[in-house]
Amino acid sequence: MKLKNIQEFWSKHKYKLALALLGLLVAVLFLTIGFFRTLLIIVLTGLCFGYGCLIDKFGFIDANSEIGAFFKKLFGRR
């Protein structure tokens, strides 16, 4: 395949390919380290991704303030 054909194929099917690779990675992790360790990796990765999104949106100091406000709202007295 030529580079142009590969780029067209990728742009047309990028989410299918990315999610298929993610599924393959999760399956390999399940088989090698087990379900609960894989689940822990997925949860921690998701939390870190969310924290990174907050830092991108608000900056480091304000992201920590947003997290603090969220937990105060979540566990505060009503």
Subject >> Tally of residues being surrounded by 10 or more Cβ atoms within 10 Å (Cβ to Cβ) and within 21 Å of T45 (Cβ to Cβ) across the stretch 1-20 >> reply: 5
Original post:
How many residues are surrounded by fewer than 11 Cβ atoms within 10 Å (Cβ to Cβ), aromatic (F, W, Y) and farther than 30 Å from A63 by Cα when one looks only at the stretch 21-50?
Top reply: 1
Original post:
From the set of residues in the stretch 53-74 that are in a helix (DSSP H, G or I) and among the small types (G, A, S), which is nearest to the chain's Cα centre (by Cα)?
Top reply: A63
Subject >> Hits in the stretch 1-42 (condition: of a type in the set (D, E, K, R) and assigned to a helix (DSSP H, G or I)) >> reply: K4, E8, K12, K14, K16, R37
**OP:** Only residues that are more than 30 Å from S65 (Cβ to Cβ) and hydroxyl-bearing (S, T, Y): list them for the stretch 1-54, please.
**Re:** S11, Y15, T32, T38
Original post:
Just checking, which of L54, L19, L47, L3 is at pLDDT 90 or above and not hydroxyl-bearing (S, T, Y)?
Top reply: L47
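The values are calculated or read from the model by the stated rules, or taken from the named source; none is laboratory data. Computed from a prediction, not measured in an experiment: that's the story for all the values here. Note that we place each Cβ from the backbone using ideal geometry, even for glycine, and neighbour counts take in every protein chain shown.
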